[in-house]
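Notes follow once the structure below has been shown.
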Amino acid sequence: MNSEEQRAKSREPLAKSTEPRVKCKKRLANNRIFYALRFMLYALCLMFLAFFLCSCAIPKIIVLDDPLSPEEHLNLGVTYEKQGDLDNALKEYKVASKKLPISYLYMGNVYFQKKEYEEAEIYYKKAIKKNPENADAYNNLAWLYYTKSEKLDEAEGLVLKAIELNPARQEVYVDTLEKIRSLR
């Protein structure tokens, strides 16, 4: 073989190998497009994520039906009251008062503890209006009047009504009556 034939043969594989190189260049071009598209997709996802986090508040769980019964709200209020958390106790009593009139007595007691006597008087009167057989409401309203040193005649009448309604607790009510009479 002469040198020209050898060169021709040596060139032949080069001629055959140009086609894979073209495919390789096309593949590289496709990869660059893919990477550019992938980068744009990531950027778009980040923009949506940022938009979602900035514009949306944290979702809140809304309970349509209260899982607690009025009695459980009342008991929870008593627990809060014993712990000294009077504001949460009031919230629970207010929820319970929709179905349980005795809750008004408990609200009056909380306002009395907070020394908000006008509010306490309002709720004691509501307790009496909603349940006229509740002797403790009469007694507590009388004690409120004794504490404020006003309406002592009315207070005495309220205690006598409490004794009439619930003779079993007469000892407690008589103590209130004696305190009222000592101020006169």
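Here, each number is a calculation from the coordinates, and none is a lab measurement. Quick caveat, the model's predicted, so the values are computed rather than measured. We place every Cβ from the backbone using ideal geometry, glycine too, and count neighbours over all the protein chains shown.
Side notes on the structure shown:
- Separation in nanometres of the label points that stand 7 Å from Cα toward Cβ, at Tyr35 and Tyr117: 8.4 nm
- Overall Cα dimensions of segment 58-97, principal axis frame, Å, largest first: 33, 23, 13
- Part-to-part distance (alpha-carbon centres) for segment 164-184 and segment 59-95, which is given in Å: 32 Å
- Pairs with C-alpha atoms separated by more than 25 Å, drawn from the list Lys82/Lys151; Lys98/Lys179; Lys94/Lys115; Lys125/Lys161; Lys91/Lys151; Lys130/Lys161, are Lys82/Lys151; Lys98/Lys179; Lys91/Lys151.
- Paramagnetic reach from Lys129 in segment 79-112 [backbone N under 15 Å; point 7 Å along Cα→Cβ]: 98, 101-105, 108
- Taken one residue at a time, the phi angles of segment 67-78 give Karplus couplings (6.51, -1.76, 1.60, θ = phi - 60°) of x, 9, 7, x, 5, 5, 5, 4, 5, 5, x, 4 Hz. Gly and Pro are set to x.
- Vicinal HN-Hα couplings computed from phi for segment 119-129 (Karplus, 6.51 cos²θ - 1.76 cosθ + 1.60; Hz; Gly/Pro x): 5, 4, 4, 4, 6, 5, 5, 5, 4, 5, 5
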